[in-house]
Amino acid sequence: MKGNIVLAIAGGAIGAVLGAAIWTMVTVYTGYQIGYMAIGVGALIGFLIRLMGRGHTTAYSMIGVGFAILGCVAGNVLSGIGFVAKENGLGFLNTYLHFNYAASYDVLVAMFSPIDILFYAIAIRAAYTYSKIRDPQLPVETSQAESFLRER
């Protein structure tokens, strides 16, 4: 079966948008920046790329990596916008439409925590891993424990 790179990109984009939106809602509702949301974003992106793209090359994994980074950054920026809207009693959509996106970097810096690096890395790894299907022509790798048990 041949993969479809265009559908993989569409899956990554859908996953990044959905993941960032869910991240924003959870973060603004709870009032906490939850790093685990990044992992969910990466896994969602990887799953949708695999489901829609059906590819088994590294290109699909790299699409996942790119969209995982975009999804995580979007989740952080949108959460910052949500906090501004909530603190000022404004609607999210109104704040979103009038936000100065040149200040996105400042929002990221203000919301940054060193643990974010770990969660972003896990999100990237999840997207990389889940974005491609295993090539059916390659042998399945077994762990040393499985090999040991088979010999007995």
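The values are calculated or read from the model by the stated rules, or taken from the named source; none is laboratory data. Here the structure is a predicted model, which means the values were calculated and not measured. Glycine gets a Cβ as well: all are built from the backbone with ideal geometry, and neighbour counts include every protein chain shown.
Residue under question is residue 43, and the condition is that it be surrounded by 16 or more Cβ atoms within 10 Å (Cβ to Cβ) and either at pLDDT below 95 or in contact with a Cys (Cβ under 9 Å, 6 or more places away or on another chain) (or both); does it hold?
The answer is no for residue 43.
Considering 80, 12, 89, which residue is surrounded by fewer than 17 Cβ atoms within 10 Å (Cβ to Cβ) and not hydroxyl-bearing (Ser, Thr, Tyr)?
Unique residue meeting the criteria: 89.
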